[in-house]
Amino acid sequence: MEFKRVTLDNLASEHICCALTDQKGESSVASKKAWLSQRLAEGLVFDKLDVRGKVFIEYIPAEKAWCPITADHYLFINCFWVSGQYKGQGYANLLLERCLADAKAKGKQGLVVLSAEKKMPFLSDPKYLKYKGFQIADQAPPYYELLYLPFSPQANVPQFKACVKSGRTDEEGWVVYYTNQCPHTDKYVPILVDHLKSKKLAIKAIKIETTEQAQKAPNPFTTYALFYNGQFITNEILTAKSFDKLLIKTNLSPPTVPPSPSEYPAPLQRG
């Protein structure tokens, strides 16, 4: 099997690995491809195994990363995924080697990637990365780790920006920050918003639209971050069912949406 690079010329026709399909067989990755088309022009690289499966690595110059970090002259691994029948066959090693070779050819200081203290949904596996030589450059609450693989001892050490150091946001109630880096968000954020509204719960969805906004976000994982009353809750992209389970598990009592005028009780009629 061969690897293929997704470019502006073939983006429209290529399967981009993390694709979702609805019941009619129509791809719901238009938002992700639109996001990719803009990032490809900024130097993003998307290498994948030439199969219809999740075997790919996606990286970009760290100065353009949709992550609040300072990592000049590094390549930031935005997404790195090998799953299903392709696991355990050495494809992750090969993809990482391609990324390393590209970084060295471009004169970069090394690679940097967002991970966590332990394996978390939608984040790169820290155990594998540390086995491959990645080190902890910085940490942010509650569990994020910024891992890096420098090419020399003199390389600058990447850091998280101050905006993610508190692990909080100033927004009240339920708030979800998200981007179109992942096609799951374009599908599941509206589902979550509608679900909470049906339960009379207030929620605010804040879509990050630009690199500048992403680099000032309150959470390192700008693809999806859910907060409640300023406190970070999860980076896992939730379904309606998984949100209900989370609500029970965390025992949170979110504010309700004020009823519309038609829902207020009729005033008493005095004779």
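The values are calculated or read from the model by the stated rules, or taken from the named source; none is laboratory data. Every value quoted in this text rests on a predicted model; they were computed, and no experiment measured them. Please note: Cβ atoms are built from the backbone with ideal geometry, for glycine as well, and neighbour counts cover all protein chains shown. All accessible areas refer to the heavy atoms of the entire protein, side chains included, with ligands and DNA or RNA removed. Shrake-Rupley method; radii C 1.70, N 1.55, O 1.52, S 1.80 Å.
May I ask for the angle, rounded to the nearest 10°, between helix 240-250 and the longest principal axis of the chain, with both axes built from Cα atoms and the value confined to 0 to 90°? The two axes meet at around 80 degrees. When Met120, Met1 are compared by accessible area of protein heavy atoms, the largest-first order is Met1, Met120, using a 1.4 Å probe. For Lys165, the lysines whose Cα comes closer than 18 Å to its Cα, not counting residues fewer than 8 places off in the same chain, are Lys216. Counting only protein heavy atoms and using a 1.4 Å probe, the accessible area of Phe122 comes to about 90 Å².
For the chain, the Kirkwood hydrodynamic radius comes to 20.0 Å, computed from all pairs of different C-alpha atoms.
Counting pairs of Cα atoms in region 169-260, how many percent are more than 18 Å apart? Beyond 18 Å sits 40 percent of the P(r) for region 169-260. Rolling a 1.4 Å probe over the protein chains gives Asp170 an accessible area of about 150 Å². Relative to the longest principal axis of the chain, what angle (0 to 90°, nearest 10) does the C-alpha long axis of helix 91-105 take? The angle comes out near 70 degrees. Think of each Lys and Arg Cβ as +1 and each Asp and Glu Cβ as -1; about the Cα centre, that makes the dipole of the chain roughly 520 debye. Dimensions of region 29-162 based on its C-alpha atoms, expressed as ranges along the principal axes with the largest first, amount to 39, 32, 30 Å. The separation of region 201-233 from region 77-126, counted between C-alpha centres, amounts to 24 Å.
The mean accessible area for residues of the chain, using a 1.4 Å probe and ignoring ligands and nucleic acids, is 51 Å² per residue. Placing unit charges on the Cβ atoms of the charged side chains and taking the dipole of the chain about its Cα centre, the candidate lying farthest along the positive direction among Tyr224, Phe151, Leu201 is Leu201. Grab the other residues whose beta carbon is less than 14 angstrom from that of Ser115, score K and R as +1, D and E as -1, and report the net. My count for the surroundings of Ser115 gives +1.
Residues Ser13, Ser166, Ser115, sorted by accessible area with the largest first, give Ser13, Ser166, Ser115 [1.4 Å probe; ligands and nucleic acids excluded]. Cross-link check: pairs Lys54/Lys249; Lys4/Lys32; Lys200/Lys249; Lys64/Lys161; Lys32/Lys197 evaluated at a Cα-Cα cut-off of 24 Å; pairs beyond the cut-off: Lys54/Lys249; Lys32/Lys197. Compute the acute angle (0 to 90°) between the alpha-carbon long axis of helix 183-198 and the principal axis of greatest extent of the alpha-carbon atoms of the chain; round to the nearest 10°. Result, in degrees: 10. Taken along its principal axes, the alpha carbon cloud of region 146-186 reaches lengths of 44, 27, 10 Å, longest axis first.
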